[in-house]
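Participant: This is the structure I want to talk about, given as structure tokens.
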Ligand code: 2DT
Ligand code: MG
């Protein structure tokens with residue numbers, strides 16, 4: 001990936017779909033190729049907002065559905081300028097979960113006044129990914145992988161709704177352009193090879209067309 005700016009690549013998928021593993025592998029591979037790469041993840045639990053989110057996810061505190069939704073979004077806005085600066089300076093940014101998680105996990109709660117469209121609004125204006133790699137795995141397969149953990153959303157019925165909502169969100173005109181679905185029910189090595197190919201194609205397109213960073 002040469003070009004003048006870095007790429008913004010996002011990993012999405014259910015818990016246990018292999019996002020963190022693949023994210024780390026991609027970061028390592030690109031760094032080995034001599035690229036400057038910044039690795040981020042959301043929620044970023046290290047900021048004050050992120051600490052509230054962490055306490056919510058572990059069940060230590062309760063939060064009203066809309067409030068926690070807006071805090072997850074605020075947690076991305078806290079890093080928005082940094083992401084943009086990295087990309088402008090030629091550093092590729094690879095992120096484990098982003099706005100798609102923000103929308104689908106909240107919408108999966110089935111709160112009457114929080115459909116996908118409502119959930120997406122606070123994301124408008126954030127840096128838009130050049131590529132969203134969706135690691136697709138059924139909630140049954142995800143559950144088989146050593147079971148879910150104990151955090152708030154790690155329950156199979158919610159995960160099943162989350163998967164359906166990812167599919168629905170993939171129909172949104174902008175998201176449809178960005179999302180590439182990767183079958184995550186395969187070995188780490190197979191996934192890694194597939195992902196690298198997709199990233200290389202996307203990177204070449206960016207080099208050819210020299211597109212500015214867009215916004216959600
Ligand atoms: P991790 O297991 O990846 O740490 O995620 N989530 C995440 C949301 O509900 N909204 C968001 O905006 C983001 C980024 C998904 C912890 C959980 O937080 C959910 C799983
Ligand atoms: Mg998790």
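The values are calculated or read from the model by the stated rules, or taken from the named source; none is laboratory data. Remember, it's a predicted structure, so these values are computed and weren't measured experimentally. Positions of Cβ are generated from backbone atoms using ideal geometry, with glycine treated the same way; all protein chains shown enter the neighbour counts.
Participant: Quick one: which residue in 197, 112 is away from ligand 2 (no atom under 16 Å from the Cβ), without any contact (Cβ under 8 Å) to a residue 40 or more places away in the chain, out of contact with any strand residue (DSSP E or B) (no Cβ under 6 Å at 6 or more places or on another chain) and assigned to a loop (DSSP other than H, G, I, E, B)? Give the derivation first.
Facilitator: Values: 197 fails: assigned to a loop (DSSP other than H, G, I, E, B).
Sole residue among the options that is away from ligand 2 (no atom under 16 Å from the Cβ), without any contact (Cβ under 8 Å) to a residue 40 or more places away in the chain, out of contact with any strand residue (DSSP E or B) (no Cβ under 6 Å at 6 or more places or on another chain) and assigned to a loop (DSSP other than H, G, I, E, B): 112.
Participant: Kindly establish whether residue 178 is modelled with pLDDT of 95 or more and surrounded by 13 or more Cβ atoms within 10 Å (Cβ to Cβ).
Facilitator: Here the answer is no, as residue 178 does not meet what is asked.
Participant: Inside region 66-76, can you point out the residues that are more than 16 Å from ligand 2 (Cβ to nearest atom) and surrounded by 14 or more Cβ atoms within 10 Å (Cβ to Cβ)?
Facilitator: 66, 69, 70, 71, 73, 74, 76
Participant: What residue, of 128, 186, 193, 204, is away from ligand 1 (no atom under 16 Å from the Cβ) and under 22 Å from residue 86 (Cβ atoms)?
Facilitator: On the way: 128 fails: away from ligand 1 (no atom under 16 Å from the Cβ); 186 fails: under 22 Å from residue 86 (Cβ atoms); 193 fails: under 22 Å from residue 86 (Cβ atoms).
Just one listed residue meets the conditions, 204.
Participant: Only one residue in 73, 101 is farther than 26 Å from residue 4 by Cβ, within 11 Å of ligand 1 (Cβ to nearest atom) and free of Cβ contacts under 8 Å to residues at least 60 places away in the same chain, so which one is that?
Facilitator: Working: 101 fails: free of Cβ contacts under 8 Å to residues at least 60 places away in the same chain.
Only one candidate passes the filter, namely 73.
Participant: Inspect region 78-90 for any residue being in contact with a helix residue (DSSP H, G or I) (Cβ under 6 Å, 6 or more places away or on another chain), crowded, with 16+ Cβ neighbours inside 10 Å and modelled with pLDDT of 95 or more and give the result as yes or no.
Facilitator: Going residue by residue through region 78-90, those that are in contact with a helix residue (DSSP H, G or I) (Cβ under 6 Å, 6 or more places away or on another chain) are none.
No, there is no match, as no residue in region 78-90 is in contact with a helix residue (DSSP H, G or I) (Cβ under 6 Å, 6 or more places away or on another chain), crowded, with 16+ Cβ neighbours inside 10 Å and modelled with pLDDT of 95 or more.
Participant: Let me ask something else about it. (1) within 14 Å of the chain's Cα centre (by Cα); (2) in a helix (DSSP H, G or I); (3) within 16 Å of ligand 2 (Cβ to nearest atom): which one isn't true of residue 103, the others all being true?
Facilitator: (3)
Participant: Of all residues in region 115-155, count the ones that are surrounded by fewer than 15 Cβ atoms within 10 Å (Cβ to Cβ), at pLDDT below 95 and not in a loop (DSSP other than H, G, I, E, B).
Facilitator: 3
Participant: Give region 27-55 a look and list any residue that's over 19 Å from residue 192 (Cα atoms) and either assigned to a helix (DSSP H, G or I) or at pLDDT below 95 (or both), or say none.
Facilitator: Answer for region 27-55, where residues must be over 19 Å from residue 192 (Cα atoms) and either assigned to a helix (DSSP H, G or I) or at pLDDT below 95 (or both): 48, 49, 50, 51, 52, 53, 54, 55.
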